[in-house]
Amino acid sequence: MKAAPQQAFPGSSALLELTAVSRHFSDGLVRAVDGVDLEIESGSWVTITGPSGSGKSTLLSLISGLDLPTSGEVRFRGRSMNSLREWTRVRQACIGLVFQAFHLVPTLTAAENVELPMFGNGFKQALRRQLAHQLLDRVGMSHVAQRSPGELSGGELQRVAIARALVNSPHLILADEPTGNLDSRNSEQIIGLLKELYFEQDCTVVMVTHDPVISRWGDHRVCMRDGKMSAQIHCSLDDPCTL
Amino acid sequence: MYFVSVPIKNLARRPTRTMLTGLGVAVAVASLIMLVGLARGLEDAWSQSLMDRGVHILVSQKGAVEVLAGVVDEAMAPRLALTPGVAKAAGELVALTALSNGATILASGWEPGSYLWDSLNLVEGRLPADDREVVLGESLAASTGSKPGDTLEVMGQNFKVAGISRNQSALSQGTVFTPLRPLQQLVGKKGMVTFINLQLPAGTDQERVAALTEQLSAAYPSLKLLPTNEVTRQNRILGIFRSMAWGTSLLAIIISTVFVLNTMVMSVSERTKEIGILTAVGWSPTRIIAMVLLEGILLCLGGGLVGVALGVAGLDVLTSYSELKTFIQPRLTGGFLLMAAVSAVLLGALGSLYPASRAVRLRAAQALKRE
Ligand SMILES: Nc1ncnc2c1ncn2[C@@H]1O[C@H](COP(=O)(O)OP(=O)(O)OP(=O)(O)O)[C@@H](O)[C@H]1O
Ligand SMILES: [Mg+2]
């Protein structure tokens, strides 16, 4: 499939390891994620599927450090992640996030949104600008660089968001239903773009999707049901597996 | 994009709210400058008028609430003049009076031949030749349209204008200088003066002034002696005015801090989701707090600069065109204006500290779900 990427921690190829991870809400009444064990290898493409409310988004926020588990352990490159601050540093350096609702800052232009993740890099303003334009160019959006999100279509917004997720050359891209708000033509293009970038940038992708066609592609498919992992299916990128 | 662009764009998002809050800060800063500027101007007018006259020590009645309200026997002047270390002593009677045109002025009565007359800087005419003649401060002459040879009515009595004097202090500029006797008669204080001005030999240092003040205070227990630089500081009326000026300004600043706090709490809470986005793209809590603080500081710095301009202009109008003109020596130092601007910045930081801490309290996963 892909050449095995360089190991940050020799001896373990797992980028992410989840051990008995749970996230409960409302004093345990809602078990959004309930005892999930999962290992995600460096360089793999993993899709997460499951019915609405099964805990996919919650799981994704636990492996991106936007939230901490109620119990269990999340390890990123072998390191146990216990604090939000630590997660923020890791996210800044090596995780790119893409959301269904795009989540661009409305007061900033497309290019400025793409610059945001670079503020922690210590880059000069001119370099930030240049890199943002390069990335926008890569996703075919250089013509909307100076426009504000309110003036863009859904497909354009998601491309800008992908540029923002990729600008720091992340090792891990996490996408929560990136095509959920797009029509089928735009969906195909966005997934096509993500695939291209996946091969180009040598990164790991974890994507939540409802789309059966999209979920067929990848190394692994994880199915969620009622907060639990109901199945983990190995597939082949070349040979789309079927359920 | 620079970091500072982010808070600037946030402020630009709600221009009306930003302007109104900035205006509140501007008013607070302007009132600080005007009130404290007035208090200082009042003190300066006093000290400058004493300096104009070459006074080192002011001798007044002990226990009088206000120097101007006390009386001292005029016979004390020649006695004090005999003290070793004192060069000259001259009694002065001061009265506040209204002219027929309604303007409030000061009348100063001086002994003919007293050294005080030498302190006048005549630009027209001459010194009084008898008890019926007076010298006018330049701005008083201008406001009454008087020239040497004209007649001016003071407390119901007509005096002839002998000369016009230009002095440093605004107080002297608005004063009518009369011979002592007729003024004593007019105010019913025969044989009395308001205070006695002591001049020491040229080159006397501050230490010597202080030592002499102490020595004379011990020798004359019924008198209050103050070095010139202490006169305004020790004056109770000026002190009350100064405290009121600071108190009122402080209140205005506290109120506008609450304004800023309110604005920033709103600004942060309506942007909960955006702050979640910034966290998601790897902005640290420190960076987010810096963004919110910077927003508050920029807001208040803008308001503060407008306030400095308003305050300077307002003080100028008050001291140039109003009744206060005679009693205020307008003096705004760069240091004081800088302090006013810095207090606006501190106000901004103070008002956004709590909103900033609120901004990073929510986990990003929750923040992103907000609308
Ligand atoms: N902050 C919260 N407080 C309480 N309950 C929550 C919270 N967040 C999520 N939940 C609950 O946890 C469960 C899982 O939510 P989650 O958003 O992870 O589902 P999902 O699989 O992403 O669903 P969808 O496909 O509709 O996006 C749901 O029942 C949801 O109501
Ligand atoms: Mg979801």
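The values are calculated or read from the model by the stated rules, or taken from the named source; none is laboratory data. Being a predicted model, the structure only gives us computed values, none of them experimental. Cβ placement follows ideal geometry from the backbone for every residue including glycine, while neighbour counts extend to all protein chains displayed. Each accessible area value is taken on the protein alone, full model and side chains, heavy atoms only, with ligands, DNA and RNA left out. Shrake-Rupley method; radii C 1.70, N 1.55, O 1.52, S 1.80 Å.
Would you mind stating whether A:ARG23 is within 13 Å of another protein chain (Cβ to nearest Cβ) and either open to solvent by less than 10 Å² (accessible area, probe 1.4 Å) or in a strand (DSSP E or B) (or both)? Yes: the conditions hold for A:ARG23. In the set A:LEU197, A:LEU174, A:LEU157, A:LEU193, only one residue is away from ligand 1 (no atom under 16 Å from the Cβ), at pLDDT 95 or above and either touching a helix residue (DSSP H, G or I) at 6+ places or on another chain (Cβ under 7 Å) or part of a helix (DSSP H, G or I) (or both); that residue is A:LEU157.
Among the residues of the range B:19-36, at least one is more than 18 Å from B:ALA245 (Cβ to Cβ) and touching a Cys at 6+ places or on another chain (Cβ under 7 Å).
Please indicate, with yes or no, whether at least one residue in the range B:173-187 is assigned by TED's automatic domain parsing to the domain that holds B:GLU124, without any contact (Cβ under 8 Å) to a residue 40 or more places away in the chain and either over 30 Å from B:LEU35 (Cα atoms) or not in a helix (DSSP H, G or I) (or both). So far as the range B:173-187 goes, yes, one or more of its residues are assigned by TED's automatic domain parsing to the domain that holds B:GLU124, without any contact (Cβ under 8 Å) to a residue 40 or more places away in the chain and either over 30 Å from B:LEU35 (Cα atoms) or not in a helix (DSSP H, G or I) (or both).
Yes/no per residue for (1) more than 14 Å from chain A (Cβ to nearest Cβ); (2) open to solvent by less than 40 Å² (accessible area, probe 1.4 Å); (3) part of a helix (DSSP H, G or I):
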site: B:LEU294; (1), (2), (3): no, no, yes
site: B:LEU332; (1), (2), (3): yes, no, no
site: B:LEU362; (1), (2), (3): no, no, no
site: B:LYS369; (1), (2), (3): no, no, no
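Would you confirm whether any residue within the range A:76-95 is within 25 Å of A:MET207 (Cα to Cα) and within 16 Å of ligand 1 (Cβ to nearest atom)? Yes, the range A:76-95 has at least one match.
Take the conditions more than 30 Å from A:GLN130 (Cβ to Cβ) and in a strand (DSSP E or B) and apply them to A:VAL74. Does it pass? Outline the logic, then answer.
Details: more than 30 Å from A:GLN130 (Cβ to Cβ): yes; in a strand (DSSP E or B): yes.
Yes: the conditions hold for A:VAL74.
Residues are listed down the side, and each one gets a yes or a no for (1) surrounded by fewer than 17 Cβ atoms within 10 Å (Cβ to Cβ); (2) in contact with a Phe, Trp or Tyr (Cβ under 7 Å, 6 or more places away or on another chain); (3) away from chain A (no Cβ under 14 Å):
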{"position": "B:ARG14", "(1), (2), (3)": "yes, no, no"}
{"position": "B:LEU32", "(1), (2), (3)": "no, no, yes"}
{"position": "B:SER47", "(1), (2), (3)": "no, no, yes"}
{"position": "B:GLY63", "(1), (2), (3)": "yes, no, yes"}
{"position": "B:ALA69", "(1), (2), (3)": "yes, no, yes"}
{"position": "B:VAL86", "(1), (2), (3)": "no, no, yes"}
{"position": "B:ALA95", "(1), (2), (3)": "no, no, yes"}
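Residue check: A:GLY227 meets all listed conditions (1) open to solvent by less than 50 Å² (accessible area, probe 1.4 Å); (2) under 21 Å from A:ALA145 (Cα atoms); (3) not aromatic (Phe, Trp, Tyr) but one, namely (2).
Going by the structure shown, is A:GLN92 within 16 Å of ligand 2 (Cβ to nearest atom), within 30 Å of A:ASP37 (Cα to Cα) and within 12 Å of chain B (Cβ to nearest Cβ)? In short, no.
Is there a residue in the range B:309-323 that is more than 16 Å from ligand 1 (Cβ to nearest atom), within 30 Å of A:ALA93 (Cα to Cα) and open to solvent by 40 Å² or more (accessible area, probe 1.4 Å)?
As a first pass, look at the range B:309-323 and keep what is more than 16 Å from ligand 1 (Cβ to nearest atom): B:309-323.
Subsequent filtering for residues that are within 30 Å of A:ALA93 (Cα to Cα) retains none.
Looking for residues that are more than 16 Å from ligand 1 (Cβ to nearest atom), within 30 Å of A:ALA93 (Cα to Cα) and open to solvent by 40 Å² or more (accessible area, probe 1.4 Å), one finds none in the range B:309-323, hence no.
Give the number of residues within the range B:120-177 that are under 23 Å from B:LEU68 (Cα atoms) and out of contact with any strand residue (DSSP E or B) (no Cβ under 7 Å at 6 or more places or on another chain). Qualifying residue count for the region: 7.
Can you go through A:GLY140, A:GLY120 and tell me which one is facing chain B (nearest Cβ under 10 Å) and open to solvent by 30 Å² or more (accessible area, probe 1.4 Å)? Steps first, please.
Details: A:GLY140 fails: facing chain B (nearest Cβ under 10 Å).
Unique residue meeting the criteria: A:GLY120.
Is it the case that A:GLY50 is away from ligand 1 (no atom under 16 Å from the Cβ), open to solvent by less than 40 Å² (accessible area, probe 1.4 Å) and either under 24 Å from B:LEU362 (Cα atoms) or not hydrophobic (A, V, I, L, M, F, W, C) (or both)? No, not satisfied.
Of all the numbered requirements in (1) open to solvent by less than 50 Å² (accessible area, probe 1.4 Å); (2) touching a Leu at 6+ places or on another chain (Cβ under 6 Å), B:LEU337 misses one, and that requirement is (2). Hey, could you check the range A:48-79 for residues that are more than 12 Å from chain B (Cβ to nearest Cβ) and under 13 Å from A:VAL222 (Cβ atoms) and say which is farthest from ligand 2 (Cβ to nearest atom)? The residue in question is A:THR49. Condition check for A:PRO106 on (1) assigned to a loop (DSSP other than H, G, I, E, B); (2) at the interface with chain B (Cβ under 8 Å from one of its Cβ atoms); (3) crowded, with 22+ Cβ neighbours inside 10 Å; (4) not hydroxyl-bearing (Ser, Thr, Tyr): one failure, at (3). When B:LEU318 is tested against (1) assigned to a loop (DSSP other than H, G, I, E, B); (2) more than 14 Å from chain A (Cβ to nearest Cβ), exactly one condition is not met: (1). Within the range A:29-46, the set of residues being more than 14 Å from every other protein chain (Cβ to nearest Cβ), touching a residue at least 24 places away in the same chain (Cβ under 8 Å) and either acidic (Asp, Glu) or within 13 Å of ligand 1 (Cβ to nearest atom) (or both) comprises A:ARG31, A:ASP34, A:VAL36, A:ASP37, A:GLU39, A:GLU41. Of the residues in the range A:158-178, at least one is open to solvent by 10 Å² or more (accessible area, probe 1.4 Å) and within 16 Å of ligand 2 (Cβ to nearest atom).
Screening B:THR104 with (1) in contact with a Leu (Cβ under 9 Å, 6 or more places away or on another chain); (2) under 19 Å from B:LYS189 (Cβ atoms); (3) not aromatic (Phe, Trp, Tyr) gives one miss only, at (2). B:ALA162 passes every criterion in (1) under 26 Å from B:THR319 (Cβ atoms); (2) assigned to a strand (DSSP E or B); (3) small (Gly, Ala, Ser) apart from (1).
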